[in-house]
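Contents: one structure, followed by commentary.
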Amino acid sequence: MTNQTAVLEDVILFVDYFSATQTSEVPRLTAQILIHAGKKVAILKKPAVTNGELLETDLNTWIEHAKENVSKLQATGIKKVVVVNPHEYVYFVREYPKYLGSLPFEVVFVTDYLWELVQSGEIKFLNTVNINASYHDPCSLNKMCNINESPRNIIENIPGISFVNESAVTQWNYCCGNGTASFKKIHPDIAYKIGQTRLRRAADLQTDTLILACPHCKDHLTEAQVKSGIDVAPVHLLELMAKAMGITEQGE
């Protein structure tokens, strides 16, 4: 893996500030899984901030930052950009084209890309992961982008997981509580209560693990679980994939 932009790589990861600083295991595991699958991976150096809070409060600056990111990504010559954060993925597929027009590269969400590699046999699951689990659909992916099949398909292919597959439509009733932009900052108590409700729903299904595909969901539901003591572990799907693939902390 390199953090230099280079056309010799297969894909480039777009790692936003939140994922890099608050849930660094998500981009790290993404890179490790892809390298384990034989892919050459680059990471965009110092991407400009294009989060929801900036989009809502300073559109002109957001547009300038988006232009900077497109310019940097285009300069690499890489045609496939893998995004690890659903919030940023929404901006790439909805807001970037709205203000900048068609993008000169393909943007894919990480679970869609990883599912392609599972189907092609480039990702193989060798180890059993013995958990009883359900899956939480991130609002950004499910409600705004209709991405809900690839995470479930991956889960169903990991040996050992007893999977309670809740309908993606039913889960329109459930948010992790973090919200988008500045919701959690403005309404921390409401955000916590929503998180509790989501964890209780998973517990009611007699599961011990709630599988996630969003760094914000992982961060917020982990906090809610610690505060509430509800006996359900919020775990990112990439953590389970790495375990099933035999990837250690060092990537071996």
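The values are calculated or read from the model by the stated rules, or taken from the named source; none is laboratory data. Bear in mind that the values here come from a model prediction, so they are computed numbers and not experimental data. Cβ: placed from backbone, ideal geometry, glycine included. Neighbour counts: every protein chain shown.
GLY52 versus (1) without any contact (Cβ under 8 Å) to a residue 40 or more places away in the chain; (2) surrounded by 15 or more Cβ atoms within 10 Å (Cβ to Cβ); (3) farther than 27 Å from VAL118 by Cα: which is the lone unmet condition?
Result: GLY52 fails condition (1) only.
All but one of (1) outside any helix (DSSP H, G or I); (2) under 26 Å from ALA224 (Cβ atoms) hold for ILE155; state the number of the condition that does not hold.
For ILE155, the exception is condition (1).
Identify, please: which residue in the range 21-31 is touching a strand residue (DSSP E or B) at 6+ places or on another chain (Cβ under 9 Å) and surrounded by 18 or more Cβ atoms within 10 Å (Cβ to Cβ) and is, among those, farthest from LEU117 (Cα to Cα)?
In this case the residue turns out to be THR23.
For the condition under 20 Å from GLU88 (Cβ atoms), touching a residue at least 24 places away in the same chain (Cβ under 8 Å), surrounded by 17 or more Cβ atoms within 10 Å (Cβ to Cβ) and small (Gly, Ala, Ser), what is the one hit in SER134, SER140?
SER140
From (1) of a type in the set (A, V, I, L, M); (2) buried (at least 19 other Cβ atoms within 10 Å of the Cβ); (3) touching a residue at least 60 places away in the same chain (Cβ under 8 Å), pick out the condition that doesn't hold for ALA75.
(2)
If I filter the range 155-168 for residues that are buried (at least 19 other Cβ atoms within 10 Å of the Cβ) and within 23 Å of TYR89 (Cα to Cα), do I get at least one hit?
Scanning the range 155-168, I find at least one residue that is buried (at least 19 other Cβ atoms within 10 Å of the Cβ) and within 23 Å of TYR89 (Cα to Cα), so the answer is yes.
Inside the range 222-239, can you point out the residues that are under 19 Å from PRO86 (Cα atoms) and either touching a residue at least 60 places away in the same chain (Cβ under 8 Å) or not hydroxyl-bearing (Ser, Thr, Tyr) (or both)?
PRO234, VAL235, HIS236, LEU237, LEU238, GLU239 - these are the residues of the range 222-239 that are under 19 Å from PRO86 (Cα atoms) and either touching a residue at least 60 places away in the same chain (Cβ under 8 Å) or not hydroxyl-bearing (Ser, Thr, Tyr) (or both).
Scan the range 27-40 and tell me whether some residue there is closer than 27 Å to ASP137 by Cβ, assigned to a helix (DSSP H, G or I), out of contact with any helix residue (DSSP H, G or I) (no Cβ under 6 Å at 6 or more places or on another chain) and at pLDDT below 95.
no
If you check VAL84, VAL93, which single one turns out to be closer than 28 Å to GLY246 by Cα, under 20 Å from the mean Cα position of the chain (by Cα) and in contact (Cβ under 8 Å) with a residue 40 or more places away in the chain?
VAL84
Name the single residue, out of those in the range 212-240 being outside any helix (DSSP H, G or I) and aliphatic (A, V, I, L, M), that is nearest to the chain's Cα centre (by Cα).
This residue is ALA213.
Looking at (1) part of a strand (DSSP E or B); (2) among the hydrophobic types (A, V, I, L, M, F, W, C); (3) closer than 19 Å to LYS80 by Cβ; (4) not assigned by TED's automatic domain parsing to the domain that holds LYS40, which is the one condition that is false for LEU141?
With (1) part of a strand (DSSP E or B); (2) among the hydrophobic types (A, V, I, L, M, F, W, C); (3) closer than 19 Å to LYS80 by Cβ; (4) not assigned by TED's automatic domain parsing to the domain that holds LYS40 applied to LEU141, the lone miss is (1).
Would you check which residues across the range 94-147 are acidic (Asp, Glu) and touching a helix residue (DSSP H, G or I) at 6+ places or on another chain (Cβ under 8 Å) and list them?
Those that are acidic (Asp, Glu) and touching a helix residue (DSSP H, G or I) at 6+ places or on another chain (Cβ under 8 Å): GLU95, ASP112, ASP137.
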